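Asks: Dumping the structure here so I can ask a few things about it.
Nothing in this text is a laboratory measurement; each read-out follows from the coordinates by a stated rule. In this text the structure is predicted, and so the values were computed from the model without any measurement. Note: ideal-geometry Cβ built from the backbone for every residue, glycine included; neighbour counts use all protein chains shown.
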Amino acid sequence: MFDFDALLADYTAKENPKVHGVICKCVDKNGNEIYNKIAGYNSLAADATPLHESAVLKLASATKLITSIALLQCVEKGLITLDSPLTEILPEFADVQILTDVSGSDFTFEPNKTAITARHLLAHTSGLGYPFTNQLLGRRAQARKHLKPSLRVTEKYSYPLVFEPGRGWLYGCSLDWAGVVVSRLHDGMSLEEYMIENIWKNVGVSAPFPRFNISTHPEYNARIMHGAVQTSDGRLEPCDSWAFDNPEDQEGGSGLSSTAKDFLAVLADLISEAPTLLKPETISEMFTPQLVPGSASAQMLLELRPAWATVAGPVADDAVNHGLGGILCTGPVPEIGQPANVLAWGGATNIAWWLSRDWVLRVFCDAAGSVWESGGDGAG
């Protein structure tokens, strides 16, 4: 019989680790613990201490789920609808154009005729990307590398579109802009404060709450799970930069840090029989495929399989879609024992989460705030 605990112990051995720390948690629809295992250490240092429940993890793109919930709450409050234009709230996109070519420092654009909606932001069909997920945006970033980048979300992510909203799929900064929408709909309340009052407190989390900008909170240093990068020959090297932490703004796409327990409380609520964060019908919409099979959007999702393969596994092309908040495996993945209708995503700090309403399980796994993927622009 396969011994997963033994595998974790072997992989996190201090002498020659494949990952230096792992946190795995799984609960049922009633919040009952199914599995809880913490293995390894909080860093690669010789004096590293054993990893602990209270470890603070950089969520990276796992932040997107929390921001998605915040935006869906705005829909439930009647502040916006899923399909109404967001131009009044995001005037930055009133005249946004579609980038069609980059030649040296010359950019070619065409007009955009479709307003961005909340559904577009949640499903990554807005036309917004990242420089590391789209060649045109990557070439644009290279041509503009001499410019001093701003860390304000509205300037850092002031990218052109690369397709008309609703006509494609691209992993990018949509949820960073969703965070801006949430803040502006609440009279400029910070995204962090909104999440504390409307998400974390609602699921029973108490202070210290998950935070943005943890580099400005020295009290977190004692509990941070330090990062590592894997070299080309498979070795691990320490990586203690403050990646995924913007000291000047709160990025709804990648900026949160949290304990595994606090994040799991959100997952547990989403498919409980009496959710507090969202209405059951809203959660059902999260699990509804947003891309038309055979469409350009569905094809672009498949072309970016490396962005989501880690959490989705070897799912068949016709059994994967995108919901409102994550990749949606509409069919089973028997190779890894995964049922159909699983919503999932993660972050570049090797964090992954899965939700199954049918199996009434929610799983959170951090196989190391441990091994960070290098590259990108600080989001992932």
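Asks: Projected onto the charge dipole of the chain (+1 at Lys/Arg Cβ, -1 at Asp/Glu Cβ, origin at the Cα centre), which of 143, 36, 337 gives the Cα projection farthest towards the positive end?
Replies: Of the listed residues, the answer is 143.
Asks: Taking region 150-220 as the region of interest, what is the percent of Cα-Cα pairs per 10 angstrom bin, listed from the shortest bin to the one with the maximum distance?
Replies: Once binned at 10 Å, the Cα pair distances of region 150-220 give 16, 38, 32, 13, 1.
Asks: Sticking with this structure for a sec: Enter the angle in degrees (range 0 to 90, nearest 10) between the Cα long axis of helix 174-185 and the first principal axis of the Cα atoms of the chain, meaning the one along which they spread out most.
Replies: Around 80 degrees separate the two axes.
Asks: Show me 95-106, 124-135 ranked by packing, highest mean number of other Cβ atoms within 10 Å first.
Replies: Per-residue Cβ counts within 10 Å, averaged per peptide and sorted highest first, yield 124-135, 95-106.
Asks: What nm value, rounded to one decimal, do you get for the distance between residue 9 and residue 167 when each label is placed 7 Å out toward the C-beta?
Replies: About 5.8 nm separates the two model spin labels.
Asks: Next question, about the same structure. Mean residue ellipticity at 222 nm from the helices of the chain, using -39,500 (n - 2.57) per DSSP H segment of n ≥ 4 over the full residue count, to the nearest 500 deg cm²/dmol? Walk me through the numbers on the way to the answer.
Replies: Details: 11 runs with 88 residues, N = 380.
After summing the helix terms and dividing by residue count, I get -6000 deg cm²/dmol.
Asks: Cross-link candidates for residue 279: which aspartates and glutamates have Cα within less than 13 Å, leaving aside residues fewer than 8 places away along the same chain?
Replies: Candidates past the 8-residue exclusion: 76, 269.
Asks: Within the P(r) computed for region 192-292, what percentage of the Cα pairs occupies the region above 21 Å?
Replies: For region 192-292, the share of Cα pairs beyond 21 Å comes to 50 percent.
Asks: Which order, highest average first, do 332-340, 156-164 follow once you tally other Cβ atoms within 10 Å for each residue and take the mean per peptide?
Replies: Descending mean neighbour count gives 156-164, 332-340.
Asks: Could you work out the local net charge near residue 253, counting Lys and Arg as +1, Asp and Glu as -1, over the other residues with Cβ closer than 10 Å to its Cβ?
Replies: -1
Asks: Ranked highest first by average number of other Cβ atoms within 10 Å, how do 65-73, 189-197 line up? Write out the running numbers ahead of the final one.
Replies: Numbers: 65-73: 24.9, 189-197: 18.8.
Going from most to least packed, we get 65-73, 189-197.
Asks: For residue 145, list the aspartates and glutamates whose Cα falls under 13 Å from its own Cα; do not include residues on the same chain fewer than 8 positions away.
Replies: Once the sequence-local aspartates and glutamates are set aside, what remains near residue 145 is 377.
Asks: Now, a different point. When the dipole is taken about the Cα centre of region 1-117, and only Lys, Arg (+1) and Asp, Glu (-1) are charged at their Cβ, what size is it in debye, to the nearest 20? Provide the component values of the computation, followed by the final result.
Replies: Numbers: 9 positive and 16 negative charges, 69 e Å.
About 340 debye.
Asks: Compute the distribution of all C-alpha to C-alpha distances in the chain, in bins of 20 Å from 0, and list the percent of pairs in each, rounded to whole numbers.
Replies: 29, 61, 10, 0
Asks: Rounded to two decimals, what is the ratio between the C-alpha radius of gyration of region 109-149 and 2.2 N^0.38 Å?
Replies: 1.40
Asks: Another question, then. What is the magnitude of the charge dipole of the chain about its Cα centre, with +1 placed on the Cβ of each Lys and Arg, -1 on the Cβ of each Asp and Glu, and no other charges, expressed in debye to the nearest 20?
Replies: My answer is approximately 200 debye.
Asks: Here is a follow-up. With a ≥ b ≥ c taken as the square roots of the eigenvalues of the C-alpha gyration tensor of region 19-146, please select rounded if a/c is under 1.5 and otherwise prolate if a/b is larger than b/c or oblate if it is not?
Replies: oblate
Asks: Taking neighbour counts of Cβ atoms within 10 Å as a proxy for exposure, in what order, fewest first, do 201, 58 appear?
Replies: Arranged by neighbour count, lowest to highest, 201, 58 become 201, 58.
Asks: Work out the length of the dipole vector of region 109-194 about its Cα centre, built from +1 on the beta-carbon of each Lys and Arg and -1 on the beta-carbon of each Asp and Glu, and round it to the nearest 20 debye.
Replies: Numbers: 11 positive and 7 negative charges, 92 e Å.
Charge dipole, region 109-194, about its Cα centre: 440 debye, nearest 20.
Asks: Over region 292-338, what per residue volume does the convex hull of the Cα atoms give, in whole Å³?
Replies: 71
Asks: In nm, to one decimal, how far is the residue 229 label point from the residue 103 one, both placed 7 Å along Cα→Cβ?
Replies: For residue 229 paired with residue 103, the spin-label model returns 3.5 nm.
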